[in-house]
Amino acid sequence: MEQYKRMALFAEVVTAGSLTAAARKLGMTPSAVSQHLRALEGALGLALLHRTTRKLTLTEAGARYFEGCAAMVNAARSAEQALAHHRDEPEGDLRITAPIGFGGLLARALYPLRDYPKLSLSLLLDDTVMDLVEERIDIALRVGNLADSSLVARRLGAIPVQLCAAPSYLATYGWPQHPKDLEHHAWLGVRPMGVANTTLLWTGPRNEQVSVKVSGRVQASQVTTLHALCVAGWGISLMVSEDERRAIADGRLVPLLPDWKLPDFEVHAITPRRGEQPAKVRHAMSLLAHYIGNLTPVPAA
């Protein structure tokens, strides 16, 4: 490694034209530069420079050696510049995995990334947990409590939880007026979200808390299926995705229990490595945090 440093120093001396000029640029003394040059020549067994009081002249061996040394320095600078671009401007393939129901959220949150022509985006939507290293994932979005892991987690925000049902279901089975009424309604659960056959803790208008145990009549392994079941009138469920927000807006789903709240779903971004992240990851994380942080519950009827 010391040899490479001396090669770079030699290239700088030749480019600068004198020991003094090279020493000034490198932040060294002329005698230190001279020592390194003598050590380099000793290791090579060849003289690289003719030194006089007025100027430096390359020997034949020095001229040949300078070509290689200059190429090495230029390659190092090119690598440094490439990393600087990688650090400062999003580029390369950004690979993100998230639950299937996050497709709409990702499409809206990451829309500004379209302005970076050197960046490509790979979205792997799957409700199963992927191996981030094996799949070369840059960011994994996880919802709810996180298991202990050597991976790096950053909280991006929380998604408001909305209780919904289709108008056709409500017309047949009536509207729940209190969380306890849910015990007598058809409940739709999705296991990955942790809300099937479980106890939900509700907070009321005067901060009173009520625990309600729900047992899913129908359970789905994916939130997209759960959404379709709810819109079709199979029962009542919790909704968190962009699909539900659009369904509420156009009347296909109706929000329920406006005075009662459930804890929001915490969203974390998981990355496989610690330390400084490339620009593509930093930009994506910032956009996701901004978007999720500004989500608001859909008003109930």
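Things worth noting here:
- Verdict on Leu146 being among the hydrophobic types (A, V, I, L, M, F, W, C), at pLDDT 90 or above, under 22 Å from Arg274 (Cα atoms) and surrounded by fewer than 20 Cβ atoms within 10 Å (Cβ to Cβ): no
- Residues located in the stretch 39-67, provided they are within 15 Å of Arg6 (Cβ to Cβ), surrounded by fewer than 13 Cβ atoms within 10 Å (Cβ to Cβ) and free of Cβ contacts under 8 Å to residues at least 12 places away in the same chain: Gly42, Gly45
- The helices (runs of 4 or more DSSP H) found entirely in the stretch 193-301 that carry 2 or more residues being in contact with a strand residue (DSSP E or B) (Cβ under 6 Å, 6 or more places away or on another chain) and modelled with pLDDT of 85 or more are 223-231, 279-293.
The values are calculated or read from the model by the stated rules, or taken from the named source; none is laboratory data. Note that this is a predicted model, so its numbers are computed, not measured. Positions of Cβ are generated from backbone atoms using ideal geometry, with glycine treated the same way; all protein chains shown enter the neighbour counts.
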